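Below is one structure, written out as structure tokens; comments come after it.
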Amino acid sequence: MELVYSMADLRIFRLTPASDQQGWQPFVLNSRQANPFSAPVWLRAISEACCCEVDILVVARGEEWLGGIHVFWNNRFGKMAGLFPPQTPYGTVIYSPSLSTAVYPSKITSNHLEISRVLAEALKHRYSSVTHKHLPSIEDIRAWQWSGWNIIPNYTYIVDLTSSCRPSSSFKKHYAKCEKSECQLSFSWDLKLFWSTVESMLRRQATQIGFSKETFFVLAETLHTSGMAWMATALNKEGLPLASRIELSLDGTETVFDWVAGSSSDHLSSGVNSWLLMKLRDECQRRGYKHWNLCGANVESVAAFKSGIGGQLTHAFTVSSPRSIPESIYQSLRSSAAQVKWKVVSEMKMRRKNVSSDR
């Protein structure tokens with residue numbers, strides 16, 4: 001391990017490749033923040049897909065690991081600049097359960113604040129900029145705020161799989177409509193079928209998934225081979241894919257994450273997306289999960305759809321470190337380019353809509 005920062009009796013080490021499997025995986029699994037996006041398999045696979053480096057940093061007092069976090073980065077302007085990979089819902093701090101073993105609530109709070117504060121300071125010291133999207137279980141982000149980080153709220157829906165399903169009336173209508181069409185459900189792992197629904201969705205939304213088809217296939221296959229990824233696909237009577245979703249989870253944990261989805265543009269009114277989500281809920285429950293994180297509810301149309309299944313709207317926080325001057329200029333130019341792209345895409349969507357209505 002490489003020492004990269006210290007504060008009082010706390011030390012932050014960067015794990016070497018030889019130690020990450022041995023120590024990091026069980027540390028993640030034993031934490032309340034256990035999630036597939038912090039697992040070594042994900043970290044290696046996504047860094048290869050994005051052609052970037054990844055650091056795993058742990059906070060230790062003596063030999064005991066108390067917290068940790070990972071950072072994806074590239075060299076930019078001679079500095080280590082953090083990046084946040086596409087199709088990554090969370091990149092979160094991981095806390096040791098020992099931080100919550102104190103008798104008094106105030107001590108538990110101070111323990112977490114102490115670990116968060118040293119991480120926030122170390123990351124500012126090491127990287128020219130870095131962003132993390134914490135899990136909803138991390139409710140106290142004051143240490144990041146006190147260290148000068150920018151705080152942005154974000155939202156998701158979490159479905160309680162231990163209670164009865166309470167979908168909205170419109171959701172139930174869509175489900176019933178698709179049920180009458182004799183739609184078929186498949187849990188076979190077939191990326192070609194899945195990609196056909198993704199391509200249809202990307203054309204409809206005039207957007208991108210963030211990876212080439214070939215890169216995404218390598219990433220998804222790696223996750224599937226490791227046992228983290230599985231798929232559900234809705235097929236019509238002829239066996240053609242109408243909608244498909246990939247779920248991610250870690251063995252031995254209670255939460256499953258709705259990772260990537262696609263749907264055919266020719267069957268949006270069939271109710272198939274609601275039908276597939278309901279069937280997936282049943283399957284997640286059957287597999288023994290207690291919670292289903294739908295991974296995002298910030299986009300209005302997506303939030304409206306996901307709300308229908310009856311999950312709990314839950315907030316979380318994105319934290320971004322203060323940026324260096326070159327990094328600020330770079331991000332400003334990148335943001336301006338993204339706004340221009342968004343304007344062009346919006347105009348393309350409007351033209352398509354007008355053409356469809358003229359027909």
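The charge dipole of the chain, taken about its Cα centre with unit charges on the Cβ of Lys, Arg, Asp and Glu (plus for the first two, minus for the last two), comes to roughly 1220 debye.
Can you give the relative contact order of the chain as a percent, counting alpha carbon pairs under 8 Å and 6+ residues apart? Each step should come with its number before you reach the end.
On the way: 622 pairs, mean separation 74.1, N = 359.
The normalised contact order for the chain reaches 21 percent.
Please label the shape of the chain as rounded, prolate or oblate, based on the square roots a ≥ b ≥ c of the eigenvalues of the alpha-carbon gyration tensor (a/c under 1.5 means rounded; beyond that, a/b larger than b/c means prolate, else oblate).
It is prolate, given that a/c is not under 1.5 and a/b is the larger ratio.
Among 179-186, 289-296, sorting by the average number of other beta carbon atoms lying within 10 angstrom of each residue, highest first, gives 289-296, 179-186. Comparing GLY82, GLY67, GLY148 in a Gaussian network model of the chain where C-alpha atoms under 10 Å apart are linked, the largest mean-square fluctuation is found at GLY148. What does the C-alpha gyration tensor say about the overall shape of region 9-88? Classify as rounded when a/c is under 1.5, otherwise prolate if a/b is larger than b/c, or oblate. Oblate, because a/c is 1.5 or more while a/b does not exceed b/c.
When shorter helices are ignored and each DSSP H run of at least 4 residues is given -39500 (n - 2.57), the per-residue value for the chain at 222 nm works out to -12500 deg cm²/dmol. Separation of region 170-246 from region 28-60 is 25 Å, based on Cα centroids. Phi angles of region 66-79 translate, via the Karplus equation with coefficients 6.51, -1.76, 1.60 and θ = phi - 60°, into HN-Hα couplings of 10, x, x, 7, 10, 9, 8, 8, 9, 6, 8, 6, x, 10 Hz per residue; Gly and Pro are given as x.
The protection proxy used here, the mean number of other Cβ atoms lying within 10 Å of each residue, ranks peptides 93-100, 20-27 as follows, highest first: 93-100, 20-27. On the beta carbon distance between ALA304 and CYS51, with R0 = 41 Å, the FRET formula returns roughly 0.70. Between PHE187 and GLU63, full extension at 0.36 nm per residue minus the direct alpha carbon distance yields a gain of 40.2 nm.
Here LYS124 is the anchor, and the aspartates and glutamates within straight C-alpha reach of less than 18 Å, apart from those fewer than 8 places off in the same chain, are GLU2, GLU53, ASP55, GLU114, GLU327. Estimated from the Cβ-Cβ distance and a Förster radius of 51 angstrom, the FRET efficiency linking THR16 and TYR104 is about 0.85. When the listed pairs LYS172/LYS192; LYS180/LYS290; LYS107/LYS290; LYS172/LYS237; LYS172/LYS306 are checked against a 19 Å cut-off, the alpha-carbon distance exceeds it for LYS172/LYS192; LYS180/LYS290; LYS107/LYS290; LYS172/LYS237.
Counting only aspartates and glutamates at least 8 places from LYS279 when in the same chain, those with an alpha carbon closer than 20 Å to its own are ASP160, GLU179, GLU182, ASP190, GLU238, GLU247, GLU254, ASP258.
Within the shell of other residues whose beta carbon sits under 15 angstrom from the beta carbon of GLY288, the net charge comes to -2, with Lys and Arg scored +1 and Asp and Glu -1. A straight line joining the Cα centroids of region 253-310 and region 81-153 runs 28 Å. Distance between the modelled labels on HIS224 and MET1, one decimal in nanometres: 3.7 nm (7 Å Cα→Cβ projection).
Protection proxy ranking, highest mean first, for peptides 222-233, 199-210, 242-253: 242-253, 222-233, 199-210, where packing is the per-residue count of other beta-carbon atoms within 10 Å, averaged.
We did not get these values from a lab; they are worked out from the coordinates using the rules stated. Just so it is clear, the structure is predicted and the values come from calculations on it, not from any experiment. Methodologically, a virtual Cβ is constructed for each residue, glycine included, from the backbone with ideal geometry; neighbour enumeration extends over all protein chains shown.
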